[in-house]
1. Among 75, 36, rank each residue by its count of other Cβ atoms within 10 Å, from fewest to most, as a rough exposure measure.
2. Going by C-beta contacts inside 10 Å, put 78, 64 in order with the fewest on the left.
3. Hey, what angle do you get for helix 78-121 against the long axis of the chain, alpha-carbon based, 0 to 90 degrees rounded to 10?
4. With n ≥ 4 as the cut-off for DSSP H runs, can you work out [θ] at 222 nm for the chain, using -39500 (n - 2.57) per run divided by the number of residues, rounded to the nearest 500?
5. Roughly what angle does helix 46-68 make with the longest principal axis of the chain, taking Cα atoms, 0 to 90 degrees, to the nearest 10?
6. Which of [x] 19.5; [y] 16.0; [z] 15.6 is the computed Kirkwood radius over Cα pairs in Å for the structure on display?
7. Order by neighbour count: 68, 30, 51, fewest other Cβ atoms within 10 Å first, most last.
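What follows is calculated from the coordinates using simple rules that are stated; it is not laboratory data. Quick caveat: nothing in here was measured; it's all calculated off a predicted structure. So basically every Cβ, Gly included, is an ideal-geometry build from the backbone, and we count neighbours across all protein chains shown.
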């Protein structure tokens, strides 16, 4: 799996951040990288701690994307189907965020229009 990740990203891995369920890898011996597991105390710098926290922040988003976009069961076949399902889930997630932002923008515009209209209708006290 690790050589495939390097081939897809075009970069060599120097650091691997994993959760407590990580149980080793079968990467070729010429691959040199360090593995850091969440909860690890030794040899952990500030940058690595930041990466561990970042990973912890991403996991709930993945869980919600799976649940909200019905990714628990993939009805599309083979590896291409898996990729399509993941892309469509990401599109749905981003589209939901866009709809929420546009709703807030519309509410702000309507509030400004109604505030201006009510200011014109109420005559100034003379």
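1. 75, 36
2. Result, fewest neighbours first: 78, 64.
3. It works out to around 20 degrees.
4. Result for the chain: -21000 deg cm²/dmol, rounded to the nearest 500.
5. 70 degrees
6. The value matching this structure is [x].
7. 30, 68, 51
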